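Structure, as structure tokens:
Rule-based calculations on the coordinates, nothing more; no lab input. As the structure is a computational prediction, the values presented were derived from the model and not from experiment. Reconstructed Cβ throughout: ideal geometry from the backbone, glycine too, with neighbour counts over all protein chains shown.
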Amino acid sequence: MSFDQQNRLGMKALLIHEDLAANTAAGRAVRQLAQELEKRQVEVLLAQSALDATVLIHSDPMVQCVLLDWELALDDSHAIANSVLDAVRERSETLPIFLLADRNSAATIPLDAMQKSDDFIWLLEDTTAFISGRIVAAIQRYREAVLPPMFGALVRFSQVYEYSWHTPGHTGGTAFLRSTVGRAFFDFFGENLFRSDLSISVGELGSLLDHSGPIGASEVYAAKVFGAHRTYHVTNGSSTSNRVILMASVTRDQVALCDRNCHKSVEHAMTMSGAIPTYLIPSRNHYGLIGPIPPQRLSPEAVRDAVASNPLVRDGFDPTPMHAIVTNSTYDGLCYNVTQVEKLLGQSVDRLHFDEAWFGYARFNPIYRERFAMHGEPADYSADRPTVFATQSTHKLLAALSQASMIHVRDGRRPIEHARFNEAFMMHASTSPNYAIIASNDVSAAMMDGPGGKALTGDAIREAIAFRRMVPRLNEEFQARGEWFFNVWQPDTVIDPESGEVVPFHTADEALLASEPECWGLKPNAAWHGFGDIEDGYCMLDPIKVSITTPGILPGGGMSQQGIPAVVLSAYLDRQGIVVEKTTDFTILFLFSIGVTKGKWGTLVSTLLDFKRDYDANAPLDSVLPPLIAAHPQRYRGMGLRTLCDTMFQAMSELRTTESMSRAFSTLPVPQLSPVAAYEQLVRGNIEVLTLEQMAGRTVATGVVPYPPGIPLLMPGESAGAADGPILGYLKALQEYDRRFPGFTHDTHGVEVEDGRYLVRCIK
């Protein structure tokens with residue numbers, strides 16, 4: 001590693017010693033060491049206690065070396081020094097640790113401490129120049145080793161500063177320096193981005209299409225970290241990952257089992273492959289949240305019945321399903337017992353595909369055990385089990401750049417060999433991939449490797465739990481005063497495993513909530529989840545996916561007398577710089593990724609309290625939502641926040657939007673054509689654009705997909721049903737709602753809006 005590279009990446013050491021300020025021989029030696037390290041471009045953080053040290057270890061990931069006084073606190077048992085060693089090793093197995101010791105104490109250092117540390121420093125015997133040289137060398141080795149295969153190669157190549165005669169045309173960013181706007185663009189993103197934006201002609205970095213060189217090594221490394229036999233980097237998101245898998249696994253007129261809670265990319269995959277989808281219907285609750293597919297619908301008998309009743313499976317077609325895709329976890333954070341799903345579906349199909357776009361972190365925390373596709377160890381996976389695929393959006397809740405995704409494969413029955421799979425991969429992969437996206441996948445894997453993955457996911461879970469405990473506590477306090485507040489969709493109570501005592505969720509021990517999956521399980525007929533008599537242990541709520549509930553829905557379903565539509569709260573939060581993930585009628589989803597901090601969610605709590613204050617005071621909209629007034633003055637001028645909520649809630653009660661949504665998504669439309677046949681009619685122009693009033697009994701040419709979360713209401717080739725049926729009824733309710741409340745309109749893909757009317761392309 002060059003000096004320039006060291007400087008760019010930085011060097012930082014944590015020095016822990018009680019005598020930092022003392023006028024003693026040890027104190028003087030420690031200060032001299034710190035000064036010598038600073039001369040060598042090493043930033044030195046100082047701590048005089050184990051508590052200070054632990055805080056710095058947890059808060060500063062740039063620490064690349066720890067220098068620890070073995071005699072910390074003059075503790076003969078060395079328990080305090082050992083606690084620091086444990087804090088470091090909980091987050092990194094390879095971070096170099098030097099023990100500061102004298103000859104008398106060194107002889108008594110126990111084996112466990114010696115295994116956790118890397119070397120010893122004799123402060124009073126060796127020169128500070130010699131000691132600091134050893135420390136810098138250790139930092140250099142650590143920094144060299146910590147960079148994963150592809151990112152390390154990219155960093156090294158970017159330091160060559162060679163003249164570029166290949167694409168891209170900006171040639172390392174120099175083209176941008178030739179114009180004012182280009183220079184602004186260059187300065188905004190920084191030189192490293194452009195030096196790492198390279199052509200596939202750069203052989204040193206390998207090939208994404210051939211899976212060779214550092215890129216191929218990175219995929220092998222990711223497979224090891226994520227527990228797969230094979231892993232593929234994808235630079236076009238998990239939408240593309242889903243399409244690659246389906247195109248490799250199933251083809252025209254073959255049956256594929258498909259979770260109706262599928263992302264629209266699965267719709268596209270069915271269309272492109274020509275497969276015949278047979279749908280597995282998930283449940284919905286009183287909030288309209290998507291639940292799991294009940295286990296009885298995954299049994300061999302249920303699968304056979306579903307295929308037999310599919311009008312698209314005609315005589316002469318093989319009714320044997322070739323592929324099955326299940327969404328895990330759901331958008332709202334419900335995750336299956338995957339072992340059980342494998343046992344059930346594996347009796348009907350040889351290839352299982354789990355869309356885990358929102359669940360890439362699950363392997364790295366024991367609270368999710370058995371809940372993700374790549375559970376267990378790949379070496380233990382027997383060939384008589386189903387071949388399993390998983391798609392993971394590493395950009396969603398890990399730390400990769402947007403569009404970064406991975407495909408993981410466990411080979412079992414009817415495996416797809418690499419050569420065949422790669423043909424499908426190359427159909428969708430660009431010959432000009434973005435190296436920064438690939439490198440971010442590489443780094444995301446490295447961040448999750450070893451104890452770092454458990455530490456990072458554990459931090460996220462604990463932050464989510466702290467928030468989950470605070471909001472219901474505030475709700476309880478406001479209720480005691482006869483007032484309202486928001487709540488969280490989660491279990492009401494927890495059973496203490498030691499005492500057997502049932503305690504309110506928000507009073508349960510944080511350590512218990514952060515470690516025990518049973519706390520998050522969906523119990524049969526529990527009122528909070530609303531999914532009825534669900535099998536115990538089959539499904540659990542992901543702690544980091546937090547749904548805030550607004551007043552308006554009664555505990556057992558049905559609407560209350562008053563309510564606060566969640567879209568109003570979302571607009572209020574957005575005005576305060578808080579952008580939410582998903583909004584339904586009475587829920588808002590927040591994602592506690594590994595990047596969430598106490599300050600971030602603390603600001604959210606404060607803003608929820610601000611909303612309550614402004615709602616109770618019926619604060620004028622021109623002060624709390626001025627953009628809404630500016631865009632639609634005639635509709636909202638003179639209205640207060642509470643008045644808006646009341647007006648909107650009354651309309652939702654009248655239109656039954658929540659009830660209509662649940663009924664519509666719980667209804668399986670009748671397919672008239674396969675998705676590919678419907679698409680062919682679209683391409684041929686054999687379509688007409690119809691209003692909702694004209695659509696009764698008509699077959700749609702494109703999917704109708706409310707967004708978010710991007711789950712099809714209608715697939716291409718399906719009938720819209722009766723004029724007063726659940727599907728058209730729901731769309732008509734949305735249309736009327738949008739007419740009444742401009743600025744709060746729904747985004748539904750496959751629907752065009754003209755003069756307040758919904759228009760959909762249907763087959764003639």
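Here are the numbers for this structure:
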read-out	value
Whole-Hz couplings from phi, Karplus 6.51/-1.76/1.60, listed for segment 597-609; x for Gly and Pro	10, 4, x, 5, 7, x, 5, 4, 4, 4, 6, 4, 5
Charge dipole (segment 657-763, unit charges on Cβ, about Cα centre) - positive-most of L713, S666, F741	S666
Modelled FRET efficiency - R0 25 Å, L20 with V55, Cβ distances, 0.05 increments	0.95
Theoretical gain in end-to-end length, E204 to A383 [0.36 nm per residue, Cα-Cα removed]	60.8 nm
For the chain, calculated [θ]222 nm from helices alone, where every DSSP H run of n ≥ 4 adds -39500 (n - 2.57)	-12000 deg cm²/dmol
Cα-centred dipole magnitude for segment 206-449, charges only on beta-carbon of K, R (+1) and D, E (-1), debye, nearest 20	320
Unit charges on C-beta of K, R, D, E only; dipole of segment 657-763, Debye	100
Gyration tensor (alpha-carbon) shape descriptor, segment 228-343, a/c threshold 1.5	oblate
Cα-Cα over 21 Å, subset of K396/K582; K39/K116; K454/K523; K343/K545	K39/K116; K454/K523; K343/K545
Local electrostatic count, A153, Cβ distance below 11 Å [Lys/Arg +1, Asp/Glu -1]	-1
Furthest towards positive pole of dipole, A571, A419, F317, structure part the chain, Cβ charges	F317
Relative contact order %, the chain, counting alpha carbon pairs below 8 Å whose residues are six or more apart	10
Degrees separating the helix 451-480 axis from the principal Cα axis of the chain, which is the longest one	60
Potential lengthening between V220 and S666 on full extension [0.36 nm per residue; Cα-Cα distance subtracted]	156.4 nm
DSSP-assigned coil residues among trypsin sites (Lys or Arg not before Pro) in segment 414-485, each with at most 12 further Cβ atoms within 10 Å	R481
Distant-in-sequence amide H partners of N487 (H built 1.01 Å from N, under 5 Å)	T549
Whole-Hz couplings from phi, Karplus 6.51/-1.76/1.60, listed for segment 240-257; x for Gly and Pro	5, 4, 4, 5, 4, 4, 5, 5, 7, 9, 9, 9, 3, 6, 9, 7, 10, 7
Given charges at Cβ of Lys, Arg, Asp, Glu: the chain dipole, positive-most of P726, L456, I293	P726
Structure-derived Rg/Rh (Cα atoms, Kirkwood Rh) - corresponding label in (i) 1.00; (ii) 1.02; (iii) 1.06	(i)
Cut-off of 10 Å, at most 13 other beta carbons, DSSP loop: longest stretch of the chain lacking such GluC sites (Glu not before Pro)	502-764
Euclidean distance of C-alpha centroids, segment 386-418 and segment 609-672, integer Å	39
At most 15 other Cβ within 10 Å, DSSP loop - chymotrypsin sites (Phe, Trp or Tyr not before Pro), segment 64-145	W122
Estimated FRET transfer efficiency (R134, S402; beta-carbon r; R0 45 Å; 0.05)	0.60
Label-point separation, D610 to T597 (7 Å along Cα→Cβ), nm	1.8
Segment 460-654 - Rg over Rh from alpha carbon coordinates, Kirkwood radius	0.99
Euclidean distance between Cα centres, segment 293-347 to segment 14-35, Å	66
D_trans [Stokes-Einstein, Kirkwood Rh over alpha-carbon pairs] for segment 456-541, 20 °C, 1.002 mPa s, µm² s⁻¹	155
Only Lys, Arg (+1) and Asp, Glu (-1) charged, at Cβ; the chain dipole about Cα centre in debye	1960
Relative contact order, percent, segment 550-600 [alpha-carbon distance under 8 Å, six or more residues apart]	28
Proximal aspartates and glutamates to K764, defined as alpha-carbon separation beneath 20 angstrom and excluding residues fewer than eight positions away on the same chain	E680, E688, E693, E718, E752
Debye log10 I(q)/I(0) at q = 0.12, 0.17 Å⁻¹ for segment 657-763, Cα point scatterers	-0.36, -0.73
Tilt relative to the chain, helix 566-575 - C-alpha long axis, 0 to 90 degrees, to 10	40
Nonlocal amide H pairs with A619, under 5 Å, H built at 1.01 Å	L641, R642
Cβ-Cβ FRET estimate between E510 and F478, R0 fixed at 22 Å, reported to 0.05	0.45
